[in-house]
Amino acid sequence: MAPAIKPTIFIGRDAAEAVSTAADLWAEAAREAVRERGLFRTVLSGGKTPKALYFLLAAERYQTLPWQATHVFWGDERYIPHEHTESSFRMARDILLSRVPVRPEHVHAIPTESRDPVKDAALYEARLRAHFAQSGAERPVFDLVLLGMGADGHTASLFPESEAARESGKWVAAARADAGVRDRITLTAHVINRSRHALFLVTGEDKAEAVKELLEGEGKAEKTPAKLIRPEEGRLTYLLDAPAASRLRARG
Ligand code: 6PG
């Protein structure tokens, strides 16, 4: 499905410039959401790339953001205890959430305690449905969804040719990674595609081939699940640094 709004591609000189742009877009989305709806619903991603963004958002210059009205969700999680060093929840809590005045009851971590990813995926979906139902919203519309991309073209925990990437009914699904922490829980593409703004932050030479396929390749979306992210009505932004964009055709 073609996106309603033409994607924006920003290529920073380096990762720092891409991260700084991401922080500015976060601030813009947060202020607009609270102004218009009284709260800001943002979805965090895991991995290494967003760490610099979370550090920046915890800095003095972003303390004036509407943190008290911010609700934090996760786009995916590794199926390990939240205190595990590889937990996406722990990474965001230690770098950002412990340093800004987000209310504890507004931090919506993906549960990983029941020893059954399918069960906890269903539990997270139920919590999302209840959260959105409180504001009379039948459909989950996040204001901002932060996304990374792996060198294999996965995003969140939607891996190539996987059941989770093909899921079209559930909001949240269990998934299997090929490496690292294998069991995952992930938002599905069609929930992400209901967001007001899907924001990819992808940096580093190791992502250049995947970025070329994502933006210029003809391959099937199920082989490059980042291609599945095409917001129906919202914005789609790709924030890249020059190394990650180095295989793209020269841009006029
Ligand atoms: C995760 C992420 C995943 C990540 C990509 C890129 O938990 O790992 O949600 O989708 O965004 O794997 O990871 P890096 O930023 O570490 O390259």
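The values are calculated or read from the model by the stated rules, or taken from the named source; none is laboratory data. These numbers come from a predicted model, not from an experiment. Note that we place each Cβ from the backbone using ideal geometry, even for glycine, and neighbour counts take in every protein chain shown.
So, in the range 57-84, how many residues would count as being closer than 21 Å to H154 by Cβ and either surrounded by fewer than 22 Cβ atoms within 10 Å (Cβ to Cβ) or hydrophobic (A, V, I, L, M, F, W, C) (or both)?
Residues that pass the stated criteria total 4.
Which one is farthest from T155 (Cα to Cα), of the residues in the range 194-211 that are surrounded by fewer than 20 Cβ atoms within 10 Å (Cβ to Cβ) and within 16 Å of the ligand (Cβ to nearest atom)?
Taking the candidates together, the pick is E205.
Could you list, in sequence order, the residues of the range 125-159 that are among the aromatic types (F, W, Y) and touching a residue at least 40 places away in the same chain (Cβ under 8 Å)?
Hits for the range 125-159 are F142, F159.
Take the range 48-72 and flag every residue that is part of a helix (DSSP H, G or I), more than 14 Å from the ligand (Cβ to nearest atom), among the aliphatic types (A, V, I, L, M) and farther than 17 Å from D143 by Cβ.
Answer for the range 48-72, where residues must be part of a helix (DSSP H, G or I), more than 14 Å from the ligand (Cβ to nearest atom), among the aliphatic types (A, V, I, L, M) and farther than 17 Å from D143 by Cβ: just L56.
Determine if the range 125-143 includes at least one residue that is touching a Lys or Arg at 6+ places or on another chain (Cβ under 8 Å), in a loop (DSSP other than H, G, I, E, B), aromatic (F, W, Y) and under 29 Å from E28 (Cα atoms).
For the range 125-143, residues touching a Lys or Arg at 6+ places or on another chain (Cβ under 8 Å), in a loop (DSSP other than H, G, I, E, B), aromatic (F, W, Y) and under 29 Å from E28 (Cα atoms): present.
Can you tell me which condition D94 does not meet? The list is (1) of a type outside the set (V, I, T); (2) touching an Asp or Glu at 6+ places or on another chain (Cβ under 7 Å); (3) over 29 Å from S135 (Cα atoms), and all the others hold.
Unmet condition: (2).
Among the helices (runs of 4 or more DSSP H) confined wholly to the range 149-252, which include 3 or more residues that are within 22 Å of E77 (Cβ to Cβ)?
In the range 149-252, 163-166, 189-192 are the helices (runs of 4 or more DSSP H) which contain 3 or more residues that are within 22 Å of E77 (Cβ to Cβ).
From the list A137, A122, pick out the single residue that is away from the ligand (no atom under 15 Å from the Cβ), of a type in the set (A, V, I, L, M, F, W, C) and at pLDDT below 95.
A137
On the given criteria, is A22 small (G, A, S) and over 24 Å from A151 (Cα atoms)?
no
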